[in-house]
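In what follows, a single structure is set out as structure tokens and then discussed.
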Amino acid sequence: MTQTAGNAERHEFQSEAKQVLELMIHSVYSNPDIFLRELISNASDAIDKLRLEGLSDEGLSGLAQDGRIIVTVNRGERTITVSDNGLGMSRDELVSYLGTIARSGTKEFIKAMHDSSASGGDLIGQFGVGFYSSFIVSSRVTVTTRRAGSDETWVWDSAGDGTFTVEPGDMDRNGTSITLRLRERSGDSDDEGKDYLSVWVLRGIIKLYSDFVSYPIYLREDGSAAKDDEEPVNSMKALWTRPEDDVTDEEYSEFYRHITHDWEAPMERIVYRGEGTNEFHALLFLPARPPMDLYYREGRHGVQLYIRRVFIMNDCRDLVPEYMRFVKGVVDSEDLPLNVSRELLQQDRQTAMIKRSLTRKVLDSLKKLKQDRPDDYKKFWTAFGPVLKEGLVSDPKNGEAIMKLCLFDSSKGGKTTLEEYVGSMAEGQKSIYYLTGSSAASLAGSPKLESFKKRGVEALLLGDPVDELWAAAGKFGDHQFVSVASADAVPEGEPPASEEELEQARHIEETGFLARIKDALSHQEGVAKSVEDVKLSTRLVDSPATFVQKGDPISSQMRTMFKAMGQEMPEEKRILELNPGHPLIKKIASEPEDDPERFAMWSKVLTGLAQVADGEPVEDGRSFTATLTNLLL
Ligand code: ADP
């Protein structure tokens with residue numbers, strides 16, 4: 001920051017903000033109209049915030065009445081001014097919010113701009129770089145603001161050239177006025193866009209994007225006398241209180257865009273009215289694609305809470321469960337007290353009731369979506385399935401309903417539901433077999449599935465981290481989930497081994513081969529330390545070796561994850577299973593007994609192969625490959 005002439009301080013924009021500004025100024029946008037939507041939405045938020053502060057601060061409550069937004073055009077000066085009587089900003093807020101804070105959205109916006117084929121205009125709202133969109137149409141932007149309760153006015157000014165100034169100013173009320181000086185047209189006929197100085201054009205944009213804003217938006221021409229019977233441009237009707245038949249799909253989509261900043265239309269909407277002792281309206285949406293912050297704890301989760309049409313809070317996490325955090329929308333309660341706090345909401349009985357009925361409602365609509373629009377449902381599942389599955393852990397009461405909504409990758413290829421899985425079980429099969437790991441694709445080739453495949457028994461390939469948390473205790477109807485990686489999991493049907501192969505196995509066992517391997521491993525480091533037993537296997541067909549575990553297996557990914565979080569894990573106990581019919585095993589079994597060193601090398605290679613086949617890293621790749629190379633020579 002440097003001092004300039006007079007009282008103005010000059011500041012540098014923070015570097016990401018600078019990049020966003022560059023993009024605004026130099027790129028061509030498919031839809032520059034959105035600058036007005038962004039400014040009106042900020043104005044409306046500022047009035048919401050003042051009303052909220054007014055609830056707890058008597059000094060402000062008087063100011064919080066009669067929120068309104070005025071858009072003024074001045075053709076001669078080529079300016080548009082958007083002014084509100086909301087909360088306003090202090091000097092420090094002004095400096096940090098409009099220029100120097102590295103906002104999380106900004107970085108991601110820049111990245112997405114570079115990565116995506118979507119045009120900048122479409123991406124803007126999504127990342128909360130709303131205010132900067134003024135520079136799409138303006139050569140200079142001036143913000144005059146006074147925070148409610150303060151008597152200081154501040155003026156922010158920038159030509160979008162990398163710096164902005166802040167100096168004291170003069171305004172007779174709280175709120176913010178943002179004046180855009182529109183860029184001169186180049187005169188090139190290709191550059192003929194909309195005339196943003198036309199009242200008629202502006203009226204159209206406001207109607208289209210901001211009709212549901214709950215404060216009146218007036219549109220005036222500078223210089224013309226204010227009329228007594230001035231009508232707001234917007235209808236202000238709370239969309240969620242209107243019967244669904246009265247609202248068009250476009251209106252719903254526009255509202256969705258307003259609350260989510262997502263440019264794509266939602267996949268599904270849920271209009272619901274809670275009646276009886278606990279009255280509320282809910283308008284919820286299932287987005288068509290996941291937001292950037294779906295897995296951030298600090299991300300925007302949950303829906304907006306209104307009480308009797310008054311906005312109370314964003315991201316209210318008590319109205320829908322965490323595992324439905326992809327649901328966006330509005331809940332408007334008739335009965336909650338206006339001064340409700342986040343803490344109170346958490347313990348409130350009515351809130352809990354709203355949450356229960358909305359949870360059921362969302363599950364019902366998902367069920368319907370799955371039945372009626374299976375292709376859309378697949379998209380939904382790809383985007384949000386891993387989140388919904390968290391409900392299998394956190395909401396056992398709805399466990400069965402959630403299970404029915406799950407689409408799992410199948411060892412037979414494609415996706416399957418549990419109902420389909422159970423419907424096509426092998427004769428005598430009781431259990432639902434599954435395998436967990438880092439991705440369905442890597443699991444598909446696991447040696448543990450070989451005998452299951454050979455016998456035509458299907459297994460679910462569970463590749464999401466959350467699967468580790470519920471699958472071991474999973475149950476669907478009478479069918480228990482059983483991991484294919486468990487030592488006791490034996491698929492139903494004909495054993496894959498022939499009489500001759502069994503004879504081979506017996507022969508190998510008689511030579512004391514298994515005890516030799518076990519002994520060799522006991523002198524080694526790394527994974528060998530966790531080998532509790534070595535057995536001949538009936539689960540392998542094409543691979544020489546695999547690891548299984550006793551009881552409920554914990555995958556190596558899960559162990560690594562827990563360890564990284566500083567969690568203690570029970571000591572790992574593995575069983576190394578060997579395929580007696582495999583030529584490599586036969587070869588090792590016939591190695592002469594007088595070369596224990598070579599035998600030790602083979603045993604090391606076997607454990608390494610078992611790890612690699614399961615997509616697990618070998619701890620000491622260099623030593624493993626050196627040993628293997630040695631044996632190959
Ligand atoms: P977003 O609205 O997504 O947070 P913006 O860049 O549009 O991003 O605005 C940045 C911040 O500046 C807002 O979060 C708000 O705190 C403040 N702000 C913008 N416009 C106004 C306004 N009209 N009144 C008060 N504060 C505002």
Just grab the label-to-label distance for Lys586 and Glu264, each label 7 Å out from Cα along the Cβ direction, in nm (one decimal).
5.4
Could you pull out every residue, at least 5 positions away or on a different chain, whose amide H is within less than 5 Å of the one on Ser486? Hs are placed 1.01 Å off N in the peptide plane, and Pro or chain starts have none.
Gln549
Can you compute 3J(HN,Hα) from phi for each residue in the range 610-627, using the Karplus curve 6.51 cos²θ - 1.76 cosθ + 1.60 with θ = phi - 60°, rounded to whole Hz and x for Gly and Pro?
4, 5, 4, 4, 8, x, 9, x, 7, 4, 10, x, 5, 5, 4, 5, 4, 4
All-pairs Cα distance distribution in the range 407-494, expressed in whole percent, bin size 5 Å:
3, 15, 29, 30, 18, 4, 0
What figure, in Å² to the nearest 10, do you get for the accessible area of Leu344 with a 1.4 Å probe and non-protein molecules left out?
90
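Determine one quarter of the surface area of the Cα convex hull of the chain, which equals its mean projected area, and express it in nm² to one decimal.
38.0
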Over 5 Å intervals from 0, what percent of Cα-Cα pairs in the range 499-632 sits in each interval?
2, 10, 20, 23, 20, 13, 7, 4, 1, 0
Test of understanding: what is the full-extension gain from Val422 to Glu167, defined as 0.36 nm times their sequence separation minus their Cα-Cα distance?
84.7 nm
Those residues of the range 256-287 whose amide nitrogen sits under 20 Å from the label point placed on Lys378, 7 Å along Cα→Cβ
267-268, 287
P(r), alpha carbons of the range 333-415 - 10 Å bins starting at zero, rounded %
15, 39, 26, 16, 4, 1
Per the 1/(1 + (r/R0)^6) rule, R0 = 30 Å and r from the Cβ atoms of Lys367 and Lys412, FRET efficiency to 0.05 is 0.80
The range 339-446: which GluC sites (Glu not before Pro) are DSSP loop and have at most 16 other beta-carbon atoms within 10 angstrom?
Glu427
Which stretch or stretches of the range 438-478 have amide N atoms under 13 Å from the point lying 7 Å from Lys430's Cα along the Cα→Cβ direction?
478
What is the angle, in °, between the Cα long axis of helix 15-26 and the longest principal axis of the Cα atoms in the chain? Nearest 10 is fine, range 0 to 90.
70
Among the lysines, which fall within straight-line cross-link reach of Lys604, defined as a Cα-Cα distance under 21 Å, with same-chain neighbours fewer than 8 residues apart omitted?
Lys448, Lys518, Lys529, Lys535, Lys573, Lys586, Lys587
Gain on full stretching of the segment that runs from Ser522 to Asp228 - 0.36 nm per residue minus C-alpha separation:
96.5 nm
Count of Lys pairs (Cα-Cα under 19 Å; at least 8 positions apart or interchain) in the range 240-378:
9
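Between Arg289 and Ser530, what length comes free when the chain is fully extended (0.36 nm per residue of separation minus the Cα-Cα distance, one decimal in nm)? Before the final figure, lay out the partial values.
Working: separation 241, 0.36 × 241 = 86.76 nm, distance 4.26 nm.
Residue separation times 0.36 nm, minus the Cα-Cα distance, leaves 82.5 nm.
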Taking R0 as 51 Å and r as the Cβ-Cβ distance between Ser623 and Arg360, the FRET efficiency 1/(1 + (r/R0)^6), rounded to the nearest 0.05, comes to 0.35
In order through the range 378-388: 3J(HN,Hα) via Karplus (6.51 cos²θ - 1.76 cosθ + 1.60), integer Hz, x for Gly, Pro:
4, 5, 4, 5, 4, 6, 10, x, x, 6, 4
For helix 249-260, what angle does its Cα long axis make with the longest principal axis of the chain, in degrees from 0 to 90 and rounded to 10?
80
State log₁₀ I(q)/I(0) for the range 240-378 at q = 0.13, 0.15, 0.20 Å⁻¹ as given by the Debye formula over alpha-carbon point scatterers of equal weight, solvent excluded.
-0.54, -0.73, -1.33
1/(1 + (r/R0)^6) with r = Cβ-Cβ of Thr248 and Leu502, R0 = 56 Å, i.e. FRET efficiency to nearest 0.05, evaluates to 0.20
Output wanted: per-residue J couplings in Hz (rounded whole) for the range 594-606, from phi through Karplus 6.51 cos²θ - 1.76 cosθ + 1.60, θ = phi - 60°, x for Gly and Pro.
8, 10, x, 5, 5, 4, 4, 5, 4, 5, 5, 4, 4
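The values are calculated or read from the model by the stated rules, or taken from the named source; none is laboratory data. Given the structure is predicted, the values throughout are model-derived calculations rather than measurements. All Cβ positions, even for glycine, are placed from backbone atoms using ideal geometry, and neighbour counts span all protein chains on display. Note: areas computed on protein heavy atoms with side chains; ligands, DNA, RNA excluded. Shrake-Rupley method; radii C 1.70, N 1.55, O 1.52, S 1.80 Å.
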